[in-house]
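Participant: To start, I am sharing the structure in question, which I have written as structure tokens.
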Amino acid sequence: MTTATPAPDGADAGATGPFAEWYTAAGVRSGVRRLFHDESDQGKVFFPERLVPFLDHPLLAGLDRQQRSALALRHLYQFLISTTHMETRVVNTAAERIANGRSGVELTPDDRLDAFKVYCDEGYHALYSLDLAHQIADTTGVPVPDWDYGRFVDRLAETANRLLPGEPVLAGLLQVVVFETLITAVLNELPGDTTVITTVRDLMRDHARDEGRHHRFFSGYFHRLWQALDARHRALAAHALPALIHDCLAADLGPARASLALAGVDADVIAAVVDDHLATDRERIRSITRSTVRMCRSAGVFEVPGAYEEFARHGLVAGDGGE
């Protein structure tokens, strides 16, 4: 997690760690503004239909191409604007605490500079996510619905308070570690899908590239946080982590329901589809969370009595003591 002080010309001379080339490689330092080009008339989609919650449900098989395209577009809006909320309200809240030495973990000045680099990155991710959403709306004439895209942040806070009552700082740090070690896997599902509009794929690739560095930073930070915890807080954290992981991956159902309603789907069908969706795709979750679970294992989380069993109960590991 350590870097050297950047050279005066902005080069990263002598730097090491995940941010060794941040001044020349980070999106906020060297990236270009992604300008939207609509390729939907060529059959490309706004978001992979396989990743739009509910869209493969048998009860929605009768939707026509226009309805499915509208659902994919509104899901992209939800993804982009939810990103702006997550990056600024959750990730940067914790990044600021780490950067300013308020996280309870002893860090070097260079570690704290790295946390500020995360902070800068995340603000830029929020900016270009919102920018692309508005570009798409202006080009397609399909407005961004006036929905609460940040309700899931309140849900995260409620979950953290329930699992770790009286420990808001620890809860926030665990949530950001979980999210930042999950998001790269989520983002990497899109760039290689050539059915998706190119500008969307390019932006996701930009985001994933930065988040790969964040993953390494927060994985290292978690090991140090874990070592700083006493036995009581380790037990609390170990048993809360599986639910925190699931909560970070849970769909925000409010916009999803509203989008289905705009597509003309009957209210009873919407209720049935949403209920079925709550039986989440365990295999996809296991795939996305594999690296995060590996981090927990290597830090010593599974050494806490009952922790492995809790991860298994949430479907994050096999129930036999193996991966």
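Participant: Just one of the numbered conditions (1) within 18 Å of D210 (Cα to Cα); (2) in contact (Cβ under 8 Å) with a residue 12 or more places away in the chain; (3) not in a helix (DSSP H, G or I) is not true of V32; which one?
Facilitator: If we test V32 against (1) within 18 Å of D210 (Cα to Cα); (2) in contact (Cβ under 8 Å) with a residue 12 or more places away in the chain; (3) not in a helix (DSSP H, G or I), just (2) comes out false.
Participant: Among the residues of segment 66-75, are any modelled with pLDDT of 95 or more, of a type outside the set (S, T, Y) and within 30 Å of P168 (Cβ to Cβ)?
Facilitator: Looking through segment 66-75, none of the residues is modelled with pLDDT of 95 or more, of a type outside the set (S, T, Y) and within 30 Å of P168 (Cβ to Cβ).
Participant: Here is a follow-up. Across segment 214-243, what is the number of residues that are among the small types (G, A, S) and free of Cβ contacts under 8 Å to residues at least 40 places away in the same chain?
Facilitator: Going through segment 214-243 one residue at a time, the tally reaches 1.
Participant: Taking segment 221-245 as the region of interest, how many residues are surrounded by fewer than 24 Cβ atoms within 10 Å (Cβ to Cβ), under 25 Å from D121 (Cα atoms) and within 18 Å of the chain's Cα centre (by Cα)?
Facilitator: The total comes to 1.
Participant: Here's a follow-up. Report, by residue number, each residue of segment 99-118 that is surrounded by fewer than 18 Cβ atoms within 10 Å (Cβ to Cβ) and part of a helix (DSSP H, G or I).
Facilitator: Across segment 99-118, the qualifying residues are P109, D110, R112, F116.
Participant: Taking helices (runs of 4 or more DSSP H) that do not extend beyond segment 263-317, which have at least 3 residues that are of a type in the set (D, E, K, R) and touching a residue at least 40 places away in the same chain (Cβ under 8 Å)?
Facilitator: none
The values are calculated or read from the model by the stated rules, or taken from the named source; none is laboratory data. In this text the structure is predicted, and so the values were computed from the model without any measurement. Positions of Cβ are generated from backbone atoms using ideal geometry, with glycine treated the same way; all protein chains shown enter the neighbour counts.
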